[in-house]
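The values are calculated or read from the model by the stated rules, or taken from the named source; none is laboratory data. Fair warning: this is a prediction, and the values are worked out from it, not measured in the lab. As a convention, Cβ positions derive from the backbone with ideal geometry for all residues, glycine included, and neighbour counts pool all protein chains shown.
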Amino acid sequence: MKRHIFNILLIILYSLPTFSGEVTVSSPNGKMLMKVYEKGENVVYSVSFGGKPIVLESLLGINGAGVWKDGVSIGKSVDTSVDVSWKPVYGERNIVRDYYNQSEIELKQINNSYRRLKLIVRAYNEGIAFRYFFPDKENLRITEEYTQYVMPEGAKAYVALWAQGTYSLLPLKDWPSGEAERPLVLELPQGPYVLLTEAEMVNYARTKFVLAPGKANTITGVMYDAVDDVAPYKTPWRVIMAAEKPGQLIENNDLILNLNPPCAIDNPRWITPGKVMREVTLTTEGAKAVVDFAVKRNMQYILFDAGWYGSEVDKKSDATVVVPVALDMKEVVTYAKKHNIKIILYVNQIALTQQLDEILPLYKSWGVDGLKFGFVNVGSQYWTSWLHEAVRKCAQYELVVNIHDEYRPTGFSRTYPNLMTQEGIRGNEEMPEATLNVTLPFTRFTQGAADYTICYHRALLVKKEQPHDHLLKTTAAHQLAIAVVFYSPLQHMYWYDRPSDSNDEPELEFFDRVPTVWDDTKVILGEIGKYISMARRSGNDWFVGTMTNNDGRKLNIPLDFLPKEKTFIAHIYDDDPKLKNLTQVGVKTKKVTSKSVIRANLQPSGGQTIWIEATGKNH
């Protein structure tokens, strides 16, 4: 209670308006700093981190009700500070701190004193966020944001051309196809790492990054199309994160959630994270077998993927009718509920658009627990608004959601946590190389959960019998580690498998034990595109996932994150080429403490996982 009273006092003390041609906003720890100031008839900004410039003098501006680019000056500003903590419904941590200093800066058109625009700037310890706010009632048509990011000479960016693309480390010139997906992670010559992205993009057009024509080392955004709305209106947050180590970008990713409104669901207790297995036969017998396997392997959901209501790309397909004659959905749902297994149904965008208001109450009456949206339209303001409204409607019927294809999150899961995961990633269905897998944690996963679809038996079997470019390119232990490193509250596992593919391999106990949401998350080691080792806590147990790129390597994994003076049992799962079985994963156990170091001898494209079991004993 004292903390909240203190916060209120801070807001009162710092809310007096000031008048100046320059405004400086610094983070609570003083390391992040943004200056907004006038230069001629433009308003520009710069950002520093730990005294180092990370964004040099750059243009601000937008067109909406008028052009806010040239002939703009700074008016009064109002400063506030906030320091609160909140408990997410689920997440990578069980407590999130929302701690920032804010300045609301009035911008004025020199030749039109009646028009108003505000720039809202927040400085967190983790990064800077700013947005444009049109405060007066007026019609808006936004076709361009003039915001630029002038980076220090020699900066390089991890560029993905589309949401399911691969990454290339490129200088800030001659990008292929011109556009780069969000987030954009940059390495500066003298450090630190910088991340550019957006947050709370729910009623706007998607923005990608492009190189500004004719201006060296300068990045700007390009909108998918125009935004039409009525003010008062706020644009999405533009976000600049910075960190000395790339792993800190992952540890600080709650910044994206903090930039979204609190949970809007009154009682979200029905939202249940868990592991999911796909049912591929679309038969009653096959579905019951998957339910039995889910019970045996401590999974919480089964998914009926495309095909259960007919062709997903045919506008005549009816998502209220089960088409396969061998599949009795009512019988399967009844059987699943009897065994405490939940059901998710896939529905393509075509059927969602045509039938959403009809199928939601129907599926609820069937006993269905969630939807997987397929081939969604993304980019435009219309489809962005439609998609987030569809998630809101699903919440009314207590249905969880997984959005597939090009959608990437911007923090909406804080407001509507029934949106549990999404694709927007080059996942296992496209069989990427291990090098991409150790790039994704530092890039795509800084934005939130991703449905990567973990593969195991069948993909390994095909890899062994018919090796070629379109098959699994990583080891079994690498796939085990994905369950820790790649965050997804709905974690799809055994993606191509049927229950009969499993031979009860000893290492499957790791999949059985590993949760999908966490009380704490730490990055132990990591270099983008080379390797990563992450530790996540659930209750008193810890789970460690370590992955390498296409190259083998040896790493020492310190366990100094463990509580001191306590002894744990470490269950270690390593690739072991000497084993004769399909998965070739060896299992061993040893006692460990916070002073212990685990040796990881990683095979090329391999991995290691550790389940650190609390014993309750002191040492």
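Observations on the structure shown:
- Only one entry in L140, L170 is assigned to a strand (DSSP E or B), more than 27 Å from K52 (Cβ to Cβ) and in contact (Cβ under 8 Å) with a residue 12 or more places away in the chain, namely L140.
- Of all residue pairs spaced 6 or more apart or on separate chains, those with beta-carbon atoms under 9 Å, a first member in the stretch 360-386 that is over 30 Å from E331 (Cβ atoms) and a second member that is surrounded by fewer than 21 Cβ atoms within 10 Å (Cβ to Cβ) and of a type in the set (S, T, Y) are N377/T353; V378/Y224; G379/Y224; S380/Y224; Q381/Y224; T384/Y224; W386/T353.
Every residue, every condition in (1) at positive phi; (2) part of a strand (DSSP E or B); (3) in contact (Cβ under 8 Å) with a residue 24 or more places away in the chain; (4) crowded, with 23+ Cβ neighbours inside 10 Å, yes or no:
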| position | (1), (2), (3), (4) |
| --- | --- |
| L117 | no, yes, yes, yes |
| A123 | no, yes, yes, yes |
| E153 | no, no, yes, no |
| W162 | no, no, yes, no |
| R182 | no, no, yes, yes |
| G191 | yes, no, yes, no |
| E198 | no, yes, yes, yes |
| V210 | no, yes, yes, no |
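- D576 fulfils the conditions (1) without any contact (Cβ under 8 Å) to a residue 12 or more places away in the chain; (2) in contact with a Pro (Cβ under 9 Å, 6 or more places away or on another chain); (3) not polar (S, T, N, Q) except for a single criterion, (2).
- Taken over the stretch 85-110, the residue count meeting the criterion of being basic (K, R), more than 23 Å from K522 (Cβ to Cβ) and in contact with an Asp or Glu (Cβ under 7 Å, 6 or more places away or on another chain) is 0.
- Yes/no for G586 being surrounded by fewer than 19 Cβ atoms within 10 Å (Cβ to Cβ) and either under 18 Å from T516 (Cα atoms) or assigned by TED's automatic domain parsing to the domain that holds E187 (or both): no
- Selection from the stretch 230-258 of residues that are crowded, with 18+ Cβ neighbours inside 10 Å and farther than 22 Å from L440 by Cβ: Y233, T235, P236, W237, R238, N258
- Test: S113 is part of a strand (DSSP E or B), out of contact with any strand residue (DSSP E or B) (no Cβ under 8 Å at 6 or more places or on another chain) and free of Cβ contacts under 8 Å to residues at least 60 places away in the same chain: yes
- Helices (runs of 4 or more DSSP H) wholly inside the stretch 231-338 containing at least 2 residues that are in contact with a Lys or Arg (Cβ under 9 Å, 6 or more places away or on another chain), at pLDDT 95 or above and over 30 Å from P183 (Cβ atoms): 284-296, 329-338
- Selection of the stretch 292-313 for residues being of a type in the set (A, V, I, L, M), touching a strand residue (DSSP E or B) at 6+ places or on another chain (Cβ under 6 Å) and under 18 Å from K337 (Cβ atoms) yields A294, M299, I302, L303.
- Checking each residue in the stretch 259-279 for being crowded, with 18+ Cβ neighbours inside 10 Å and closer than 26 Å to Y45 by Cβ picks out L259, N260.
- For the stretch 505-515, taking the residues that are in contact with a helix residue (DSSP H, G or I) (Cβ under 8 Å, 6 or more places away or on another chain) and part of a loop (DSSP other than H, G, I, E, B), the one that is nearest to G448 (Cα to Cα) is identified as V514.
- Looking only at residues in the stretch 67-91 that are more than 23 Å from the chain's Cα centre (by Cα) and among the hydroxyl-bearing types (S, T, Y), the one that is surrounded by the most Cβ atoms within 10 Å (Cβ to Cβ) is S77.
- Test: residue in the stretch 197-206 that is within 30 Å of V523 (Cα to Cα) and touching a Leu at 6+ places or on another chain (Cβ under 6 Å): yes
- The single condition from (1) part of a loop (DSSP other than H, G, I, E, B); (2) surrounded by 24 or more Cβ atoms within 10 Å (Cβ to Cβ) that D574 fails is (1).
- The stretch 164-180, residues that are aliphatic (A, V, I, L, M) and surrounded by fewer than 16 Cβ atoms within 10 Å (Cβ to Cβ): L169, L170
- Failed criterion for K566 (all others in (1) more than 30 Å from L195 (Cβ to Cβ); (2) out of contact with any His (no Cβ under 8 Å at 6 or more places or on another chain); (3) touching a residue at least 40 places away in the same chain (Cβ under 8 Å) hold): (2)
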